[in-house]
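K.L.:
Dumping the structure here so I can ask a few things about it.
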Amino acid sequence: MQSSALIYDSAERKWPIVHEATELIRYRDLMFQLISRNIKTRYKRSALGIVWTMLHPLMMMVVLTLAFSSVFRVAVPHFAVYVLSGLLLWNFFSQTTNSAMSELLWGGTLLHRIYIPRGIFAATAVGTGLVNLLLSLPALFVVMAFSRVQFTAALLFVPVAILLTALFVMGMGLLLSTLVAYFADVYEMFQILLMSWFYLQPIMYPISIIPESLRWLITINPMYYFLVIFRASIYDGRFPSGRELGLAALIGIGTLAIGWLTFTRKAEELAYRI
Amino acid sequence: MHTAFEVRPELQSPAYVPSPTTSQPLIRVENVSVRYRVPQERINTFKEYAIRSLQRRIVYNEFFALRDVTLEVMAGEVFGVIGRNGAGKSTLLRVISQVMKPTMGRIWRRGSVAPLLELGAGFHQELTGRENVFLNGALLGHSRREMISRFDEIVAFAELEKFIDTPLRNYSSGMQARLGFAVATAIRPDILIVDEVLSVGDEQFQAKCKDRISAFRRSGATILLVSHQADVVEDLCDRAVWLDSGRISAIGPAREVVGKYHDSHP
């Protein structure tokens with residue numbers, strides 16, 4: 001990375017969309033360092049340490065299963081697996097978007113002092129979220145075994161489903177962190193939005209209990225399409241249909257493109273703003 | 001695609017071709033201005049912004065942290081920047097180190113830059129000294145491999161062999177500053193930016209820092225030294241610039257610039 005021929009020219013016109021991406025690749029070691037810092041420090045002072053990554057969604061699953069399984073018993077067999085798979089994907093989304101914002105705010109002091117690519121914070125948040133999601137998958141598999149849910153070949157699709165979700169999450173993280181750089185209260189507003197968002201999707205209830213006339217409330221929610229393909233491979237034991245896959249891919253790639261364009265256009269201004 | 005990566009014609013003009021002489025510029029600051037736009041009343045919330053912009057009541061105060069600054073720093077030079085608080089010293093460093101883009105004008109720079117500003121800004125208190133060395137190295141743009149090969153030397157310089165696997169929260173502020181300095185100077189940059197940091201640690205460690213900076217200087221590194229202590233600049237620098245309210249008040253040999261500075265600040 002050190003090179004005496006390294007030239008910086010502020011007048012040079014680079015394409016921000018391309019330039020920011022090559023800079024992220026150049027600073028990949030920093031990204032790994034930041035991800036490992038996040039994983040290590042999250043539970044550093046707790047006795048169970050990293051086990052909490054699994055315990056947290058498991059406990060929530062237990063609570064929700066106790067509370068709701070009798071209500072939805074008929075409609076949803078293997079309720080625990082249904083809830084847990086939804087929760088894991090939702091936690092990935094909510095935790096990652098939140099940390100993309102807070103990392104950028106935390107990094108504000110750094111952005112004033114040294115040059116680092118600004119997109120590194122959102123990328124780090126997604127990387128950390130992915131590691132946490134992967135660490136909690138074993139818990140999901142244990143619950144599946146206990147609930148006697150069939151392990152099928154469709155599980156091979158899980159990495160694709162996670163990857164497509166990650167594109168969406170990265171796009172949202174970039175959009176939100178651009179916004180939060182301008183308006184600090186976006187962070188608080190988003191917390192409220194997340195809470196209502198959580199209930200407006202079939203995580204702890206089946207979509208069948210929503211009357212047809214209100215289904216649009218669910219289907220306008222982009223997160224729904226990732227829940228569908230993720231659950232298809234885990235809970236339904238089937239590969240998603242072409243339509244389901246296409247919609248998820250379209251939303252994932254589209255959100256990332258919008259987020260990337262917005263963020264890179266404003267990246268130079270961030271040092272002035274934070 | 002191809003055009004985006006083409007070398008711009010200006011860069012191929014003779015002025016930019018590296019020449020073998022030592023007096024070639026390493027940093028060119030050409031007519032640089034930096035303008036901050038500060039809302040008259042600070043608007044931090046979206047709600048306020050929405051209401052105000054509907055009423056068209058957002059009034060911005062513009063102020064220039066730098067105004068039409070032009071200077072060159074030559075390779076191998078120790079260049080001082082003096083001025084009172086708010087004169088634009090930090091902003092000048094920020095545009096040179098690529099933290100900010102100038103609002104107007106142009107920065108051209110050749111070589112790697114390491115900032116020695118507020119040592120250990122990226123330290124994490126819960127991580128051990130060892131983990132922080134790698135984290136801070138990565139923040140400076142060094143690869144993990146480079147840091148592994150320099151690790152022992154860094155720890156030895158910081159004199160922290162016994163505590164390197166202790167979480168940073170148990171370090172004294174002096175120990176943290178030592179580690180920060182050791183990491184920041186582990187790999188010799190082409191341009192070292194030193195911002196008011198020579199006052200860290202005890203006297204013995206300060207002497208060690210000064211030794212290392214002199215060693216960099218002898219090996220041909222360019223050093224930008226920022227201070228409001230004019231005497232330090234006079235001692236260490238070849239040339240200096242005096243900034244006042246974002247403008248250049250004087251530029252030239254350090255002794256002369258510091259003299260003028262003292263004359264106006266008795």
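K.L.:
If a residue must be among the small types (Gly, Ala, Ser) and open to solvent by 70 Å² or more (accessible area, probe 1.4 Å), how many such residues does the range A:20-64 contain?
P.N.:
Total satisfying the criteria: 1.
K.L.:
Would you confirm, using the coordinates I've provided, whether B:Arg169 is open to solvent by 10 Å² or more (accessible area, probe 1.4 Å), modelled with pLDDT of 90 or more and of a type outside the set (Ser, Thr, Tyr)?
P.N.:
Judged against the criteria, B:Arg169 is a match.
K.L.:
Residues in the range A:196-209: is at least one of a type in the set (Phe, Trp, Tyr) and buried (at least 21 other Cβ atoms within 10 Å of the Cβ)?
P.N.:
no
K.L.:
Further question: Scan the range A:165-184 and give yes if some residue there is part of a helix (DSSP H, G or I), of a type outside the set (A, V, I, L, M, F, W, C) and open to solvent by 60 Å² or more (accessible area, probe 1.4 Å), otherwise no.
P.N.:
no
K.L.:
One residue is enough: does the range A:47-62 have a residue meeting the conditions more than 23 Å from the chain's Cα centre (by Cα), assigned to a helix (DSSP H, G or I) and touching a residue at least 40 places away in the same chain (Cβ under 8 Å)?
P.N.:
no
K.L.:
Identify all residues within the range A:229-273 that are open to solvent by 50 Å² or more (accessible area, probe 1.4 Å) and within 14 Å of chain B (Cβ to nearest Cβ); write none if there are none.
P.N.:
Across the range A:229-273, the qualifying residues are A:Arg265, A:Lys266, A:Glu268, A:Glu269, A:Tyr272, A:Arg273.
K.L.:
Going by what's in this entry, would A:Ser94 be described as on the phi < 0 side of the Ramachandran plot, surrounded by fewer than 23 Cβ atoms within 10 Å (Cβ to Cβ), part of a helix (DSSP H, G or I) and among the polar types (S, T, N, Q)?
P.N.:
Here the answer is yes, as A:Ser94 does meet what is asked.
K.L.:
Now a separate question. Exactly one of (1) of a type outside the set (Asp, Glu); (2) open to solvent by 10 Å² or more (accessible area, probe 1.4 Å); (3) over 18 Å from the mean Cα position of the chain (by Cα) is unmet by B:Ala186. Its number?
P.N.:
(3)
K.L.:
While we're on this one: Scan the range A:2-35 residue by residue and report those that are farther than 20 Å from B:Ile187 by Cα, facing another protein chain (nearest Cβ under 8 Å) and touching a Leu at 6+ places or on another chain (Cβ under 9 Å).
P.N.:
A:Asp9, A:Glu12, A:Leu34
K.L.:
Now for a different question. For the range A:36-47, give me the residue count where each residue is facing chain B (nearest Cβ under 7 Å) and among the aliphatic types (A, V, I, L, M).
P.N.:
0
K.L.:
Okay, moving on. Looking at A:Ala75, A:Ala67 in this structure, which one is within 19 Å of A:Asp236 (Cβ to Cβ) and open to solvent by 50 Å² or more (accessible area, probe 1.4 Å)?
P.N.:
Selected residue: A:Ala75, the only one of A:Ala75, A:Ala67 that is within 19 Å of A:Asp236 (Cβ to Cβ) and open to solvent by 50 Å² or more (accessible area, probe 1.4 Å).
K.L.:
Restrict the check to the range B:236-245 and report whether at least one residue is part of a helix (DSSP H, G or I) and more than 21 Å from B:Ser173 (Cβ to Cβ).
P.N.:
Yes, the range B:236-245 contains a residue that is part of a helix (DSSP H, G or I) and more than 21 Å from B:Ser173 (Cβ to Cβ).
K.L.:
Does the range B:225-266 hold any residues that are of a type in the set (Gly, Ala, Ser) and touching a Ser or Thr at 6+ places or on another chain (Cβ under 9 Å), and which are they?
P.N.:
Within the range B:225-266, B:Gly246, B:Ser249, B:Ser264 meet the criteria.
K.L.:
Out of the range B:78-103, which residues are within 9 Å of the chain's Cα centre (by Cα) and hydroxyl-bearing (Ser, Thr, Tyr)?
P.N.:
If the condition is that a residue be within 9 Å of the chain's Cα centre (by Cα) and hydroxyl-bearing (Ser, Thr, Tyr), then B:Ser90, B:Ser97 are the ones that fit.
The values are calculated or read from the model by the stated rules, or taken from the named source; none is laboratory data. Please read all numbers here as calculations on a predicted model, not as lab measurements. Glycine also receives a Cβ, built like all others from the backbone with ideal geometry; neighbour counts cover every protein chain displayed. What goes into the accessible areas is simple: the full protein's heavy atoms, side chains included, and nothing from ligands, DNA or RNA. Shrake-Rupley method; radii C 1.70, N 1.55, O 1.52, S 1.80 Å.
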